1. Could you grab me the full set of residues in the range B:364-385 that are open to solvent by 10 Å² or more (accessible area, probe 1.4 Å) and without any contact (Cβ under 8 Å) to a residue 60 or more places away in the chain?
2. Which residue is modelled with the lowest pLDDT, if the candidates are limited to the range A:102-161 and must be within 22 Å of residue A:226 (Cβ to Cβ) and of a type in the set (Lys, Arg)?
3. Would you be able to say whether some residue in the range B:610-617 is among the β-branched types (Val, Ile, Thr), open to solvent by less than 60 Å² (accessible area, probe 1.4 Å) and at pLDDT below 85?
4. Are there helices (runs of 4 or more DSSP H) fully within the range B:481-600 with at least 2 residues that are within 31 Å of the chain's Cα centre (by Cα), surrounded by 18 or more Cβ atoms within 10 Å (Cβ to Cβ) and at negative phi? List them.
5. Tell me, which residue of the range A:254-280 that is at pLDDT 65 or above and out of contact with any strand residue (DSSP E or B) (no Cβ under 9 Å at 6 or more places or on another chain) is nearest to ligand 1 (Cβ to nearest atom)?
6. Among the residues of the range B:437-470, which ones are touching a Phe, Trp or Tyr at 6+ places or on another chain (Cβ under 8 Å) and acidic (Asp, Glu)?
7. Any idea which residue in the range A:404-423 is most open to solvent (accessible area, probe 1.4 Å), counting only those that are among the aliphatic types (A, V, I, L, M) and in contact (Cβ under 8 Å) with a residue 40 or more places away in the chain?
Amino acid sequence: MSEPTIVALASPVGTGGVAVVRVSGCRALEVSRRVFQGPGFSKAQAKPESHRAVYGILHSPPGLISNENKEVTTIDQVLALPMLAPHSYTGEDTVEFFCHGGTVVAREVVEACIEAGAAPAGAGEFTRRAFLNGKLSLDQAEAVADLIHAESRLSARAAVRQVLGGLKNQLVEIERPLLDLLSRIEGSLEFADDDEIAIPETEILKSLRAADRKISSLLQIGSAGRLLRDGIHIVLAGAPNVGKSSLLNALADEDRAIVDKQPGTTRDVVSVRLHHEENVFVFHDTAGLRQEAGPVERKGIARTQKMLLEADLILHLEEAKSLSKRQEQPLPISLAASVENGSGEFTTIVIRVGTKSDLVATPDLDESVVLTSSLSGQGISDLWRAIDEAVAGFQLKEAAAQGVVLNQRHLHKLGLCSNELTQLSAEIQKTSPGPEVIGTLLSSITAHLGEVSGRVFSEQLLEAVFSRFCVGK
Amino acid sequence: MKTSFFDIIVVGGGHAGIEAALACARMGARCALVTHDDREIGRMPCNPAIGGLGKGQLVREIDVLGGEMGRTIDGTGIQFRVLNSTKGPAVQSPRAQADKFEYQARMVDVTHGQEQLEIIQGDTAELLVEGKETGRPRISGVMLDSGTTVSGARVILCTGTFLKGLMHVGENRTIGGREGADSSETLSGSLAGLGFTLKRLKTGTPPRLLRSSIDFSRLKSQPGDDPPRPFSFRTREFSPDQVECHLAYTNTTTHQIISKDLSRSPLFGGTIDGKGPRYCPSIEDKVVRFADKDQHLLFLEPEGRDSEEIYVNGLSTSLPADMQKKIVQSVEGLEQARILRFGYAIEYDSVPSSEIFDSLESKPVSGLYLAGQILGTSGYEEAAALGLIAGVNAVRSLDGKPALRIRRDEAYLGVLVDDLATKEISEPYRMFTSRAEHRLHLRCDNTENRLLDLALELDILPGVDQKILIARRHLVESITGLLDRVRVEVPEKLERSERSGRVSGVEFLRFPGSSIYSVLNSPGGGEALKKISFECNSFSTKAGGARLLDEALVQIENDIKYRGYIAKQNRLLHNRAHLDNLEIPTDIDYFEIKALSFESREKLSTVRPQTLGQAGRIDGVRAGDLAVLSVYLKKLGGGG
Ligand SMILES: Nc1nc2c(ncn2[C@@H]2O[C@H](COP(=O)(O)OP(=O)(O)O)[C@@H](O)[C@H]2O)c(=O)[nH]1
Ligand SMILES: [Mg+2]
């Protein structure tokens, strides 16, 4: 069974001046010859040279024999890059056309190829073919999907590491002792009359807890993956009119939040994604924090509280002039409640920002406060520096370098394993279930671990991987 | 040349052949059992015992499906023990020492007395087939070496270790299927001629000692259980007179004798090609592989109640006779022991399981079924299980019914057949509880309930026994329901600080050490307790005694004790279970899927798994291969 030859736009829609159209399949050359005139692509030649780009004209295909007089129209001047099987992404004959006309022209190129006999590619179809032709393993495919969705450079770097097996090595180290323990437990059940080989409960508990600990620490480092992929969430908090929306505009350098003199305008949370240095940030402008407020506004405040709880970083804004008057400025109660863990320790980093610095002459403040003026732009770069410093503590670079950035599926599975190991340990202590129960449950738990390490097949992994690809990938 | 016609011909009168022939005859087929000696039916050439870990479960399952093994050992056993009795009920298994002479005599009687079953004495020389020219040949009968033809629509081969059997004692080699019996030389050739691939396997047996030459006063004795428990739910009268076994230990001197002259073992000297069982290895294997152990446990088991022969379980060997003597006499208590028969290794031809469907019908020849050691299993119990399944399936195919498909979560029988159909058997296959991932559910105590529906469908049990099993299921269901409702007071010794006052019967049973009888004796139960007592009484009247009631109550207790764990396991395995429902088309061309490793393509092509789950259990087929296969199947299905 030979698969149809497929075509799709391979570069992201609407970006850049060059669009890439990819044709793949056993008839890729035949299709290309019908729409492309250039060295190596004439009917006389058997095959163009692989991996050598040639310049030529892309046009609509000539009609079939019955309609040979159909007019051929030129679409674009393009570069064609033939990659012959098996040395292509899909493992099939592939031709990529680099058109300079952008998306509109690219669409015409795709249509010409379809007219010439190619079928439009489904989402993820190129990758699926690569996978079936053995060009890509499943965890590599998963990492490719991560790579496609990676917005920041750090996140991309982590995904590349993952392809090289960073996570896998760590998982093998967790898995191996558990599998050893399992085989010893099973062994002890297979020799009925040899009591010597029974494994003491304390030893089983020790192994289970050690594995649990390793998974937990992996989860801790690995959860940096969320920050890399989804961005670092920063919430702007402060009294109404303190200048939150203005500051966000200054940071973003564009007018997205509503700026108004009337206090309490920003009722809904306004979020802005910003790329800065190697990271992606998501800033959330909130309704102001104050006690007396109308019902609509109260809703906004409730939402603010929730945002504060989930924030990775909080900017607490106060007007510089009020700061200079009173030296000691405690956090508002509602804000403190969100970031304190009860014993007065902060669980989320808070950067204190003094706003409207242009309105005070020489403020006399302690050094932890960053002074800014959204009006003059003064101090904005200082604020960025403070943010970068705080983010350094998240060890994103380290996680990316180790390649243990976990995606949603990893986090879920590992969380489940850690949870189950904890429960099993508790059960052993409480009721001493026999080795037959421990062995059975442990074997089910290691199956889940194996799904992350790739030792055990999982349908969900397949779903997760291939559903994340878009057309053209 | 004489010709007689049968529905089904069973070749071989061992433990597989017996169950196959009886199942066929009892399901109404006209059946012939062809065996080289009709007085040798049901012989125990190796260990004089039935049951053991995992194997005991098989015997219980065979019993509920109308098999003979359980009833016969109940009637002829001389010692009954539950193994792993200190561990949980899911991994406990019954085992019994047989009086092997009585066991055999009884099997001879049962088979000779079975209606619809004719015993034909003779050696099978050749398989007869039709339609070889036009495609897959179809079996039509067998030819005996006397030249007699026996015709039949189905043939079940249960030839054990007889195919080209070759016995080794040191450098001495004797052709034969077991001690004192000829081998089948031509049948192997007949199979090969029909396109079967044959593979050499090896197994061994230990020396037998003269009882009166052993100093039992220096050995630890091992008595049977008191009270003993029978295997069969059909056994009504059970009060066996039990004998003792004895424990002995090898020592460093023994191990030195072996390691010094290891080259004289045909196994290590390179004379034996066949692969031996890892799980009951020869003593020379054990000494080499567990070099750090300075003793190995031996069991001295009488071969019969009055037999002078003692079987040395744990000392299987193929070393030369003079060494066997030295080895035996190095053991404390055996200094003066006399060897009556030397241990030997036997090599034989087997058919790789990739050549059978999971119905046990062969792939090369239609209508030909295989069961027992010829398929690479070891042990009487595995053989009997396969014999029963082959017999049932042969009859069903004659009736135009689909083959039995027992799932892995239903019975050890399902595990056995699925493993055989998917695993590459490179050494004789022995059942273990660890092979059954659902072992918490596949217990001895609930066998009757697990297999009742199947037994009823096959209609293979006498009517009265079917009625008892139906009543038993009803009892288990109604009492379990009542225990959920009843509220009883927790006795002080079971009481835990966090629990006081009344609890449900089910909660009560979750306390370690509690039993259903302690629930029944607890105050406060009221009407529900009375109802439980009533149900119990009426069942034991129906079942003709308290034993089946006791066993049913044990099942209820264990059901409850394991309930939470089984639910948890099912939750954890939930995402895997459906893999067994993802079917793979049988005509798939694995060689077209380039992403599969070459090894996987070959394995998948020979095994031709029916589901993705089964594909995953094939040795050497890895997670990545399954992923590829799954994507490929979706593409075939048009799912993109
Ligand atoms: N002079 C001066 N005025 C500012 C600055 N930032 C904000 N404002 C003014 O303060 C008022 C409230 O600003 P807004 O950003 O809406 O505050 P929010 O309620 O905290 O979002 C507006 O009238 C802004 O023009 C600043 O840096 N300097
Ligand atoms: Mg605002």
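The values are calculated or read from the model by the stated rules, or taken from the named source; none is laboratory data. Since the structure is predicted, the reported quantities are computational estimates derived from the model, not experimental observations. Positions of Cβ are backbone-derived with ideal geometry, glycine not excepted, and every protein chain shown enters the neighbour counts. Just the protein is used for accessible areas: all its heavy atoms, side chains included, with ligands, DNA and RNA removed. Shrake-Rupley method; radii C 1.70, N 1.55, O 1.52, S 1.80 Å.
1. Within the range B:364-385, none qualify.
2. Per the criteria, the residue is A:161.
3. no
4. The helices (runs of 4 or more DSSP H) meeting that bar are B:526-543, B:546-577.
5. Checked the range A:254-280; the qualifying residue nearest to ligand 1 (Cβ to nearest atom) is A:276.
6. Answer for the range B:437-470, where residues must be touching a Phe, Trp or Tyr at 6+ places or on another chain (Cβ under 8 Å) and acidic (Asp, Glu): B:448, B:465.
7. A:411
Here's the yes/no breakdown for (1) open to solvent by 60 Å² or more (accessible area, probe 1.4 Å); (2) in contact with a Ser or Thr (Cβ under 9 Å, 6 or more places away or on another chain); (3) in a loop (DSSP other than H, G, I, E, B):
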position: B:203; (1), (2), (3): no, yes, no
position: B:212; (1), (2), (3): yes, no, no
position: B:221; (1), (2), (3): no, no, no
position: B:225; (1), (2), (3): no, yes, yes
position: B:230; (1), (2), (3): no, no, yes
position: B:234; (1), (2), (3): no, no, yes
position: B:239; (1), (2), (3): yes, no, yes
position: B:243; (1), (2), (3): no, no, yes
position: B:246; (1), (2), (3): no, yes, no
